[in-house]
1. Quick one: which of 182, 211 is at negative phi and free of Cβ contacts under 8 Å to residues at least 24 places away in the same chain?
2. Against the definition (buried (at least 17 other Cβ atoms within 10 Å of the Cβ) and over 14 Å from the mean Cα position of the chain (by Cα)), how does residue 218 come out, yes or no?
3. Of everything in segment 49-75, what is without any contact (Cβ under 8 Å) to a residue 60 or more places away in the chain and within 15 Å of residue 18 (Cβ to Cβ)? Give them in sequence order.
4. So residue 136 fits all but one of (1) assigned to a loop (DSSP other than H, G, I, E, B); (2) at pLDDT 95 or above; (3) within 18 Å of the chain's Cα centre (by Cα); what number is the exception?
5. Is there a residue being out of contact with any strand residue (DSSP E or B) (no Cβ under 8 Å at 6 or more places or on another chain) and either part of a helix (DSSP H, G or I) or surrounded by 15 or more Cβ atoms within 10 Å (Cβ to Cβ) (or both) anywhere in segment 102-115?
6. Which of the residues that make up segment 26-46 are touching a strand residue (DSSP E or B) at 6+ places or on another chain (Cβ under 6 Å) and more than 21 Å from residue 197 (Cα to Cα)?
7. Which of the residues belonging to segment 223-242 are under 17 Å from residue 211 (Cα atoms) and either in contact (Cβ under 8 Å) with a residue 12 or more places away in the chain or part of a loop (DSSP other than H, G, I, E, B) (or both)?
8. Anything in segment 80-101 that is out of contact with any helix residue (DSSP H, G or I) (no Cβ under 8 Å at 6 or more places or on another chain) and either crowded, with 21+ Cβ neighbours inside 10 Å or part of a helix (DSSP H, G or I) (or both)? List them, or say none.
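The values are calculated or read from the model by the stated rules, or taken from the named source; none is laboratory data. Note that the coordinates shown come from a computational prediction; the quantities given were computed from them, not determined experimentally. For neighbour counting, all protein chains shown are included, and Cβ atoms are generated from backbone atoms with ideal geometry for every residue, glycine included.
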């Protein structure tokens, strides 16, 4: 059984928190979403996404999926429904037009983590003092980086580094990525919005995760560090210790 911690904070600059997270320990499903859109549309999008995932999971448990392929299909269907709901809301109410949200979902079954994502909210694995990113960001800057157009250093300070290329609710159809990774005892799986990793460098994230705190304490420390580094965005993090 995993030990769980989670925390969300509006940050130092934003008035409202457009991030949302949800933990469903009974089904071993964990979700982080980071909304985009004017007014409070981003907030509506992220909350709609986590609520939609929760409802989907509680109405038909992923436990019933046998193979990794079935698990993938299950969560792709789930995100497709979520996408549809947010997209329709954006079409219907003109004040919500253009609203969308990143989503990262982790599902743990036996000794494997299955991760589905769209956008730039991330999943990381921390094992024995080292941190590795599981997900791949769907961002304009990451596309440039992958194609060798810009360097890592240029990506860090790129003017458009917040532009995401995929999100739930942005288009009528959604294309999500799926990853699976083996877990070992004492691994920490971390899901977070860009408000965390955008402020706190990997070395510092590693240091905090390595501190042997409770998962709640670890999440508190991570958020405090992001605030200390400027807190220019909403910050959300879920940590699971295996």
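1. Values: 182 fails: free of Cβ contacts under 8 Å to residues at least 24 places away in the same chain.
Going through 182, 211 in turn, just one is at negative phi and free of Cβ contacts under 8 Å to residues at least 24 places away in the same chain: 211.
2. Working: buried (at least 17 other Cβ atoms within 10 Å of the Cβ): yes; over 14 Å from the mean Cα position of the chain (by Cα): yes.
Taking the combined requirement at face value, the residue satisfies it.
3. Scanning segment 49-75 gives 50, 51.
4. (2)
5. Here is the first cut: in segment 102-115, the ones out of contact with any strand residue (DSSP E or B) (no Cβ under 8 Å at 6 or more places or on another chain) are 109-110.
Filter once more, so that each one left must be either part of a helix (DSSP H, G or I) or surrounded by 15 or more Cβ atoms within 10 Å (Cβ to Cβ) (or both): 109.
Yes.
6. Step one: list which residues in segment 26-46 are touching a strand residue (DSSP E or B) at 6+ places or on another chain (Cβ under 6 Å), which gives 28-36, 42-43, 45-46.
Those that are touching a strand residue (DSSP E or B) at 6+ places or on another chain (Cβ under 6 Å) and more than 21 Å from residue 197 (Cα to Cα): 28, 29, 45.
7. From segment 223-242, those under 17 Å from residue 211 (Cα atoms) are 223-226, 237-242; that's our starting set.
Passing the criteria: 223, 225, 226, 237, 238, 239, 240, 241, 242.
8. Let us first name the residues in segment 80-101 that are out of contact with any helix residue (DSSP H, G or I) (no Cβ under 8 Å at 6 or more places or on another chain), namely 80, 83-84, 87-88, 91-94.
Result: 80, 83, 84, 87, 88, 91, 92, 94.
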